[in-house]
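The values are calculated or read from the model by the stated rules, or taken from the named source; none is laboratory data. Just so it is clear, the model here is predicted, and its values are computed rather than measured. FYI the Cβ positions are ideal-geometry reconstructions off the backbone, even for glycines, and counts take in every protein chain you see.
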Amino acid sequence: MKLLALQRTMARAVMQPLSRSEHMQEKAPGGGKMRAYASRFIKPNDRLTSFERLEIYNRQYWFRLLSALAEDFPGLRSVLGDKQFDAMCKAYIVDCPSTSFTLRNLGSKMESWLRAHPKWAGKKQSLALDIARLEWADIEAFDNQSKPALCAEDLATADAETLKLELQPYVRLLDLAYPVDDLLLAVRKEDDTDFASNAFSEKRKKKHVRAVAKLDPQPIYLVVHRIDNSVYFRRIAPEEFAVLTALSKGKTLAKALDSAFRKSKMPPEEHAAAVQKYFQTWATLGWFCRPQRTKAVSA
Amino acid sequence: MPANKFNGFTDYGIGIGLRATHYDHILSRKPVCDWFEIISENFMIDGGRPLQILDEILEQYKVVQHGVSMYFGSAEKPNREHLRRLKDLVKRTKTPWVSDHLCWGSVDGRYTHDLLPMPYTFEAAKITAQKVREVRDFLEIPVAVENVSSYAEYHVSEMTEWEFLNEVVERADCGILLDVNNIYVSSQNHSFNPLDYVNSVPAERVAQIHIAGHSKYRKYILDTHDHPVIDPVWRLYDRTIQRVGHTATLLEWDDSIPTFKEVHDEALKADKFLASSVLATAV
């Protein structure tokens with residue numbers, strides 16, 4: 001068997017889902033018996049059959065990838081429950097196997113996949129989508145690029161009619177139907193104190209997280225960002241969210257402000273003060289990048 | 001052979017793997033440690049805390065890069081995005097050499113994130129060596145390939161694992177990261193004498209050595225990096241040092257990680273073997 005053919009044969013077996021008892025399936029990929037499939041290319045030894053040797057890799061694959069998703073989506077897990085989350089992750093990995101050299105990217109399609117497969121979250125679909133979005137935004141905010149921040153001098157000669165501003169790659173804007181930032185913080189608090197010796201307090205914390213996971217809808221506008229390399233969640237007003245969203249889509253500052261306040265209930269006389277406050281916050285937090293200067297073309 | 005072209009003519013001592021649980025201790029106490037090995041993929045990102053930590057570590061310590069997903073033995077071409085990011089990191093760390101495993105783990109663009117064993121065939125050796133050369137030429141620094149622990153063997157194999165390793169490194173003209181724990185684990189899983197392996201390795205190509213602990217199950221041994229190094233592995237290490245001389249040595253401890261001091265103390269046990277090799281050379 002040539003190298004590529006052997007690697008495809010082995011990968012099909014390694015990536016095939018485990019049985020309910022978390023062992024290698026008796027059925028081979030494409031039909032037939034897995035024992036015969038394994039013995040075609042794996043040697044047995046005096047202690048293990050070909051099937052058992054291949055099974056070590058099959059189990060390692062699934063345990064490693066499931067563990068990576070559990071680590072990245074603790075909030076989604078608390079919403080769905082352990083058993084449903086585990087089953088959902090298995091289905092997700094079958095549909096969206098890793099195509100990146102790093103496991104960091106394994107969950108990148110979770111929100112869109114979950115949206116296309118509503119049976120996994122059922123009645124909690126909207127909540128599940130929100131928490132999945134937040135957890136992926138959290139990963140991106142943690143290690144996305146940080147560019148030089150915009151400063152006052154950059155704006156000195158700027159014209160609002162033409163000025164376009166670029167958000168830092170690590171800043172993520174989320175409009176959410178549920179206050180899932182509270183949920184994720186509660187889940188993390190529980191995880192942090194997982195080693196508590198008092199069984200009663202552990203039970204109480206889990207009860208608290210379960211209660212938070214049954215959140216009532218409450219629309220929020222959230223910015224996931226980082227300061228000094230720590231990720232933070234900041235709730236903002238709808239108008240501020242609208243300005244940021246419009247700017248992130250490449251609109252000029254004038255158009256972004258116009259669209260943000262068009263449907264706002266904020267009295268017009270308060271708009272200027274609000275915008276000034278937004279800019280103060282954005283400058284303090286360094287959310288915008290310094291514009292890239294294009295070199296003048298010499299004749 | 002402490003310094004050779006495969007480790008950039010460096011003479012590093014005993015290091016440990018840089019792990020997140022030790023960050024605070026290292027940055028606040030600045031303990032003495034010859035060098036740290038980083039998992040390249042953990043730092044092949046665009047920004048944030050991991051790179052900040054790395055920069056702080058680089059101000060104080062020597063760092064060597066070790067990868068887990070280049071998959072020299074995969075039949076497909078190297079991933080260009082992976083190579084570009086790896087090179088950016090090489091520029092940042094100024095690592096004298098990079099290492100990754102003599103294994104495969106991806107096919108048709110899908111990654112298993114595991115170190116899958118190679119079929120020991122001449123075809124595989126040729127493909128693997130070509131890929132090692134491509135990576136080295138792109139990165140413009142020495143590359144060392146590491147032998148992996150394995151739990152399966154293939155019918156198609158035409159040679160032993162150590163013959164395959166030799167075939168690849170000769171064809172690629174690259175270095176070896178010799179993992180003596182992996183030799184021990186595979187020897188138990190496949191019933192061969194680990195000394196045959198150690199004695200056959202081209203000593204002049206060994207750029208670095210790995211030591212680690214493992215877990216023993218009823219029918220096989222798993223390379224878990226969650227225990228101290230056992231005596232039979234230290235004996236293999238001793239024999240390796242006798243053959244290759246004072247060589248950069250690193251202890252891997254990736255699960256159930258104890259305190260920095262415990263990990264470092266375990267690594268420093270290598271000192272007595274390294275010291276005896278220096279004495280032997282002097283005599």
Can you spot a residue in region B:41-49 that is small (Gly, Ala, Ser), in contact with a Pro (Cβ under 6 Å, 6 or more places away or on another chain) and buried (at least 17 other Cβ atoms within 10 Å of the Cβ)?
no
Just wondering, is there one or more residues in region A:11-28 that are touching a helix residue (DSSP H, G or I) at 6+ places or on another chain (Cβ under 6 Å), modelled with pLDDT of 95 or more, surrounded by 19 or more Cβ atoms within 10 Å (Cβ to Cβ) and over 21 Å from residue A:90 (Cα atoms)?
no
Checked B:70, B:44 against criteria (within 10 Å of another protein chain (Cβ to nearest Cβ) and in contact (Cβ under 8 Å) with a residue 60 or more places away in the chain); the one match is B:70
Can we say residue B:140 is closer than 28 Å to residue B:93 by Cα and modelled with pLDDT of 95 or more?
yes
Would you kindly identify the helices (runs of 4 or more DSSP H) lying entirely within region B:118-220 that contain at least 1 residues that are free of Cβ contacts under 8 Å to residues at least 24 places away in the same chain and surrounded by fewer than 24 Cβ atoms within 10 Å (Cβ to Cβ)?
B:122-139, B:180-190
Conditions first: (1) hydroxyl-bearing (Ser, Thr, Tyr); (2) crowded, with 19+ Cβ neighbours inside 10 Å; (3) within 14 Å of chain B (Cβ to nearest Cβ). Residue A:99 passes all but one, so which condition is the exception?
(2)
Just give me the residues in region A:65-98 being under 27 Å from residue B:108 (Cα atoms) and out of contact with any helix residue (DSSP H, G or I) (no Cβ under 8 Å at 6 or more places or on another chain), in sequence order.
A:67, A:71, A:94, A:97
Identify, please: which residue in region A:1-15 is more than 12 Å from residue A:37 (Cα to Cα) and touching a Lys or Arg at 6+ places or on another chain (Cβ under 8 Å) and is, among those, farthest from the other protein chains (Cβ to nearest Cβ)?
A:15
When you scan region B:1-109 for helices (runs of 4 or more DSSP H) that lie fully inside it, which ones turn up with 2 or more residues that are under 21 Å from the mean Cα position of the chain (by Cα)?
B:49-60, B:80-93
Only residues that are farther than 26 Å from residue B:50 by Cβ and surrounded by 22 or more Cβ atoms within 10 Å (Cβ to Cβ): list them for region A:127-157, please.
A:127, A:128, A:129, A:130
Scanning region A:57-76 residue by residue, those within 9 Å of chain B (Cβ to nearest Cβ) and either buried (at least 21 other Cβ atoms within 10 Å of the Cβ) or basic (Lys, Arg) (or both) turn out to be A:57, A:61, A:64, A:65
Can you find a residue that is without any contact (Cβ under 8 Å) to a residue 24 or more places away in the chain and either within 10 Å of chain B (Cβ to nearest Cβ) or in contact with an Asp or Glu (Cβ under 9 Å, 6 or more places away or on another chain) (or both) anywhere in region A:22-30?
no
